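Below you'll find the structure I mean.
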Amino acid sequence: PPKVSVLMNCLNGARWLREAIESVQAQTYENWELIFWDDKSTDESWWIARQMANSDPRIRCFRGPGGQTLGMSRTLATSKAQGEYLAILDCDDLWKPQKLGYQVKTMQAHQEAAFCFSDCDVIDPAGHVTGSAFARTPPPDQGTPLYRALLTRPNFMLCPTILFRLSVVRQVGGFRMTFGSAETYDLCVRLAKDHHALWSPLRFAQHRRHPGQTNGTGKAAIYHEVLQVMKEHRSWRHPA
């Protein structure tokens with residue numbers, strides 16, 4: 001079976017989809033499966049993914065009913081996962097070739113860790129590097145409880161850099177299905193409360209910023225969900 005299950009949730013992501021999938025195929029670590037979950041896209045996304053799956057059996061394509069939260073779609077995609085580890089790559093982001101290999105080796109060496117993550121490039125729509133995640137918001141020092149930092153600092157951990165231990169994700173209940181924006185942040189907070197996490201300053205991914213991501217009601221939804229998580233964990237001041 002594959003060691004790593006890669007979730008790629010898609011809703012009209014055709015513009016950069018082929019490039020994103022190719023960055024998974026370019027990994028030096030090859031024991032992975034890509035779970036492509038399409039939420040009834042109306043562009044060419046489904047056709048592109050199916051075409052690439054025809055020549056690479058590691059790509060598994062599924063279609064949801066549409067109209068669901070991202071948390072629900074990630075949950076449905078996770079239910080198809082066969083790997084020991086779980087990674088997320090959205091259709092507009094990219095991985096560098098060493099990403100999975102380095103992180104799998106890290107997780108195998110640290111069985112106590114529930115997940116690991118890294119710094120990443122921030123790129124514009126054309127793919128030009130404009131900065132990095134850690135330059136904008138540095139993570140805490142290694143060994144510092146990540147749980148507290150996630151609840152008190154601006155976001156320093158971006159989805160394409162994370163590798164989860166899938167058994168622990170399932171232990172804590174997986175993604176919150178009612179969330180449509182902060183489902184991964186919420187999962188990381190719940191994992192960090194009782195488990196260890198590791199991070200690297202190396203940039204193993206590229207996170208694309210573009211106008212269609214989080215403007216208008218999208219930003220309001222993120223703030224609302226993040227605030228909800230913080231309220232639920234208001235007892236974080238205990239020594240954990």
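The values are calculated or read from the model by the stated rules, or taken from the named source; none is laboratory data. Note that this is a predicted model, so its numbers are computed, not measured. Don't worry about glycine lacking a Cβ; one is built from the backbone with ideal geometry, like all the others, and counts go over all protein chains shown. Accessible surface areas use protein heavy atoms only, side chains included; no ligands, DNA or RNA. Shrake-Rupley method; radii C 1.70, N 1.55, O 1.52, S 1.80 Å.
Picking from K99, K219, K80, which is most flexible by a Gaussian network model of the chain using Cα springs under 10 Å?
K219
Report the relative contact order of the chain, percent, no decimals, based on alpha-carbon pairs under 8 angstrom and at least 6 residues apart. The partial results should precede the final answer.
Numbers: 451 pairs, mean separation 56.9, N = 240.
Reported as a whole number, the value is 24 percent.
While we're on this one: Only four residue types carry charge here, +1 at the Cβ of Lys and Arg and -1 at the Cβ of Asp and Glu. Report the dipole size of the chain about the Cα centre in Debye, rounded to the nearest 20. Before the final figure, lay out the partial values.
On the way: 28 positive and 23 negative charges, 103 e Å.
Roughly 500 debye for the chain.
Please give the contour-minus-distance gain from Q111 to S167: 0.36 nm per residue of separation, less the Cα-Cα distance, rounded to one decimal in nm.
Once the chain is fully extended between Q111 and S167, it gains 19.0 nm.
What is the stretch 110-240 by shape, rounded, prolate or oblate, if you read a ≥ b ≥ c off the alpha carbon gyration tensor as root eigenvalues and call it rounded for a/c under 1.5, prolate for a/b larger than b/c, and oblate otherwise?
Oblate is the answer for the stretch 110-240, as a/c is 1.5 or above yet b/c matches or exceeds a/b.
Relative to a virtual label point 7 Å from the Cα of D194 in the Cα→beta-carbon direction, which members of the stretch 136-163 show backbone nitrogen distances below 19 Å?
Under 19 Å, as judged by backbone N against the label point of D194, lie 145-151 of the stretch 136-163.
A further question follows. Rounding to the nearest 10 and keeping the result within 0 to 90°, find how far the Cα-based axis of helix 45-54 lies from the longest principal axis of the chain.
Rounded to the nearest ten degrees, it is 80.
For the chain, what is the calculated [θ] at 222 nm in deg cm²/dmol (nearest 500), taking -39500 (n - 2.57) for each run of four or more DSSP H residues and dividing by its residue count?
-10500 deg cm²/dmol
Please give every one of the aspartates and glutamates within straight-line cross-link reach of K231, meaning a C-alpha to C-alpha distance under 17 Å, and leave out same-chain neighbours fewer than 8 residues apart.
E183, D186
With each pseudo-label sitting 7 Å past Cα toward Cβ, what's the H210-R18 distance in nm, one decimal?
Here the answer is 1.4 nm between the modelled labels.
Moving on. Over the alpha-carbon set of the stretch 12-118, divide Rg by the Kirkwood Rh and report the Rg/Rh ratio to two decimals. Walk me through the intermediate numbers first.
Details: Rg = 14.2 Å, Rh = 14.7 Å.
Rounded to two decimals, Rg over Rh is 0.97.
Grab the Cα-Cα distance for N54 and D141, subtract it from 0.36 nm times how many residues apart they are, and report the gain in nm with one decimal.
Between N54 and D141, full extension yields 26.9 nm more.
In the chain, carbon and sulfur make up what percent of the accessible area (probe 1.4 Å)? Write out the running numbers ahead of the final one.
Details: 5990 of 11070 Å².
Heavy-atom surface of the chain belonging to carbon and sulfur, 1.4 Å probe: 54 percent.
Got a sec? What order do S132, S181, S167 fall in by accessible area at 1.4 Å, biggest, i.e. largest, first? Please report the intermediate quantities before stating the final value.
Values: S132 10, S181 45, S167 65 Å².
Greatest to least solvent exposure: S167, S181, S132.
Can I ask one more? How much length, in nm to one decimal, is gained on full extension between S79 and A220, taken as 0.36 nm per residue of separation minus their Cα-Cα distance?
So the extension gain works out to 47.9 nm.
To the nearest 10 degrees, how steep is helix 183-194 against the longest Cα principal axis of the chain, on a 0 to 90 scale?
Approximately 40 degrees, to the nearest 10.
Please determine, in degrees from 0 to 90 and to the nearest 10, the orientation of helix 14-25 with respect to the longest principal axis defined by the Cα atoms of the chain, where the helix direction is its Cα long axis.
80 degrees
In Å², and per residue, what accessible area does the chain have when probed at 1.4 Å with the other protein chains present? Could the numbers behind the result be given before it?
On the way: 11070 Å² over 240 residues.
With the other protein chains kept in place, the chain gives 46 Å² per residue.
If you line up the Cα atoms of the stretch 111-152 on their principal axes, what length do they span on each, largest first, in Å?
38, 25, 15
Count the net charge of all other residues whose Cβ sits under 12 Å from the Cβ of P160, scoring Lys and Arg as +1 and Asp and Glu as -1.
Summing Lys and Arg as +1 and Asp and Glu as -1 gives -1.
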